[in-house]
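The values are calculated or read from the model by the stated rules, or taken from the named source; none is laboratory data. Model, not experiment: these values are computed from the prediction. Cβ coordinates were reconstructed from backbone atoms using ideal geometry, including for glycine residues, and neighbour counts include every protein chain displayed.
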Amino acid sequence: MKKPRVLIVEDESSIAELIAVNLRHNGFEPIWAEDGAAAQRELDAFLPDLVLLDWMLPGQSGLQLARQWRKDPRTKAMPILMLTARGDEPDKVAGLDAGADDYITKPFSTQEMLARIRAVLRRRAPEAVTERVEIGELVLDTATHRVTWQGTLLKVGPTEFKLLGYLMQHAERVHSRAQLLDKVWGDHVYIEERTVDVHVKRLRESLGPAAPMVETVRGAGYRLTAQATV
């Protein structure tokens, strides 16, 4: 069985080596890059199963790199786990907004790191949706991985596509953040519920004129409805 490859982008060699040793001992194949330029060279050569990306790097920051990779079709869906010494809520949200799938605040334990890595990798196999779902004039097709509104193709990211698929398949129901994490992401033991808010925001931006269909139900969660005025 092929070992999952993890690209470690970390400028402190002692931290990178410690992470690499623990990854090797737990069935992963680690590759180390000390800055953004080295990381890009590795990505040009191969696509890892996951990137552990330090926030503070010489040259381009982890935030800049995450944004850059999310814009590139080749690396758009690549899982990114951000390593940060910044534990404040605005910084965490900034990391998620930049495209990170999750973050780990330093210092962290080996067990927490491995659990978060495995959780992010598990999310690549979320709950399946039926091949084609239509709610009003909004259509999601899993076979072609396309979303259209009134016949116009919308650009929807991979995580937002999964989230929209689940909401459309269970339209008119209210789903809590915890339920969405469990059903869409697959395992939320170490994932904060704020993650859902960030992806809902991105989904609404992608939906454009159809955005009002994704409703916030105060104190309860989110619902997709055909009743919204769009």
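At-a-glance table
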| read-out | value |
| --- | --- |
| Options ASP72, ASP91, ASP97, ASP101; residue that is more than 24 Å from VAL21 (Cβ to Cβ), at pLDDT below 90 and touching a strand residue (DSSP E or B) at 6+ places or on another chain (Cβ under 7 Å) | ASP91 |
| Test: GLU17 is in a helix (DSSP H, G or I), of a type outside the set (S, T, N, Q) and farther than 16 Å from LYS106 by Cα | no |
| Residue match in the stretch 34-46 (condition: exposed (fewer than 14 other Cβ atoms within 10 Å of the Cβ), in contact (Cβ under 8 Å) with a residue 24 or more places away in the chain, of a type in the set (A, V, I, L, M, F, W, C) and over 18 Å from GLY157 (Cα atoms)) | yes |
| Single condition ALA94 does not satisfy, out of (1) over 20 Å from ARG202 (Cβ atoms); (2) assigned to a helix (DSSP H, G or I); (3) of a type outside the set (Phe, Trp, Tyr); (4) without any contact (Cβ under 8 Å) to a residue 60 or more places away in the chain | (1) |
